[in-house]
Amino acid sequence: MPRPTQPDDRVIARRRAVGEQIRRVRLHHNLSQREVCERTSIDAATYSRIEQGHSSPLLDTLIRIADAIGCSLADLVQ
């Protein structure tokens with residue numbers, strides 16, 4: 001099985017931008033990371049990696065985060 005390739009700098013920059021946007025939206029809704037984790041059943045370390053841009057969440061995970069925060073999916077990824 002071939003080894004996965006590392007994403008290029010453009011992809012990493014966009015991933016970080018999405019993570020920062022998720023954080024901004026979460027804070028705008030006055031929610032802590034813990035509250036979002038409890039509402040989504042995502043463990044705290046994983047959620048933190050998403051906000052820091054170190055992890056690429058699945059679409060299903062982004063939908064769960066949007067629902068937990070009370071925003072649209074588009075609000076998270078714009």
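The values are calculated or read from the model by the stated rules, or taken from the named source; none is laboratory data. These figures come from a predicted structure and were not determined experimentally. Glycine also receives a Cβ, built like all others from the backbone with ideal geometry; neighbour counts cover every protein chain displayed. Accessible surface is based on the protein model in full, side chains and every heavy atom, while ligands, DNA and RNA are left aside. Shrake-Rupley method; radii C 1.70, N 1.55, O 1.52, S 1.80 Å.
Beta carbons closer than 8 Å, at least 6 apart along the sequence or on distinct chains, pair a first residue in segment 45-58 that is acidic (Asp, Glu) with a second that is assigned to a helix (DSSP H, G or I) for 51/19; 51/20; 51/22; 51/23; 51/26; 51/33. Here is a check on your reading of the model: is residue 12 of a type in the set (Val, Ile, Thr) and touching a helix residue (DSSP H, G or I) at 6+ places or on another chain (Cβ under 9 Å)? Taking the combined requirement at face value, the residue does not satisfy it.
Each residue in segment 28-53 was checked for being surrounded by fewer than 13 Cβ atoms within 10 Å (Cβ to Cβ) and under 15 Å from residue 14 (Cβ atoms), and 0 pass.
Of the candidates 64, 23, 10, 15, the single residue that is part of a helix (DSSP H, G or I) and surrounded by fewer than 12 Cβ atoms within 10 Å (Cβ to Cβ) is 10. The conditions of being open to solvent by 50 Å² or more (accessible area, probe 1.4 Å), of a type outside the set (Asp, Glu), at pLDDT below 95 and in a loop (DSSP other than H, G, I, E, B) are met by residue 4. The numbered conditions (1) within 23 Å of residue 7 (Cα to Cα); (2) surrounded by 12 or more Cβ atoms within 10 Å (Cβ to Cβ) are all true for residue 58 except (2).
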